[in-house]
1. Considering only residues of the stretch 5-33 that are modelled with pLDDT under 90 and among the basic types (Lys, Arg), which is nearest to GLY78 (Cα to Cα)?
2. Here is a list: LEU79, LEU68, LEU72, LEU48. Which entry is under 17 Å from the mean Cα position of the chain (by Cα), closer than 18 Å to GLN35 by Cβ and of a type in the set (A, V, I, L, M)?
3. Counting only residues that are in a loop (DSSP other than H, G, I, E, B), out of contact with any Gly (no Cβ under 9 Å at 6 or more places or on another chain) and within 17 Å of THR92 (Cβ to Cβ), how many does the stretch 64-78 have?
4. Please count how many residues of the stretch 38-63 are under 18 Å from GLU93 (Cα atoms) and in contact (Cβ under 8 Å) with a residue 24 or more places away in the chain.
5. Does PRO36 satisfy the criteria of being at pLDDT 75 or above and exposed (fewer than 14 other Cβ atoms within 10 Å of the Cβ)?
6. Sort out which residues of the stretch 64-83 are without any contact (Cβ under 8 Å) to a residue 24 or more places away in the chain and among the charged types (D, E, K, R), and write them in order of number.
Amino acid sequence: MHVARTKALLAVAHLVARFNRDGLAALEPGHGGGQPKRYTRIEQERILREVRREPDRDRTATWSLTTLQRVLRQAPDGLPTVSTYTIVGARTEVGARPVPSAASGSAGR
């Protein structure tokens, strides 16, 4: 119990020090761990621009993650190493509905 209380007090002390140094900006959530983002805001906008575009009717009626990935990787101004995880992340940041994956079986519905 003593260790948990000490850790909590230490966390509060760090927050107060950060607030004194940075003001209200200290209350904004920071990087929560994991891999840092590899794509800039401009590249994320490129992903979203493609998502908003109607897919070519000769290939598919709706976008799937794998189709989006392939189109983005092959486009002259595309992102040659973009992953489906990155596409989902870019869409989630703007509150967009998820794109069905090819494996879900709902890509053509």
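1. It comes out as LYS7.
2. LEU79
3. Of the residues in the stretch 64-78, 0 are in a loop (DSSP other than H, G, I, E, B), out of contact with any Gly (no Cβ under 9 Å at 6 or more places or on another chain) and within 17 Å of THR92 (Cβ to Cβ).
4. Qualifying residue count for the region: 9.
5. So PRO36 fails the test.
6. ARG70, ARG73
The values are calculated or read from the model by the stated rules, or taken from the named source; none is laboratory data. Please read these numbers as outputs of a predicted model, since none were measured by experiment. Ideal geometry is used to build each Cβ from the backbone, glycine not excepted, and the neighbour counts take in all protein chains shown.
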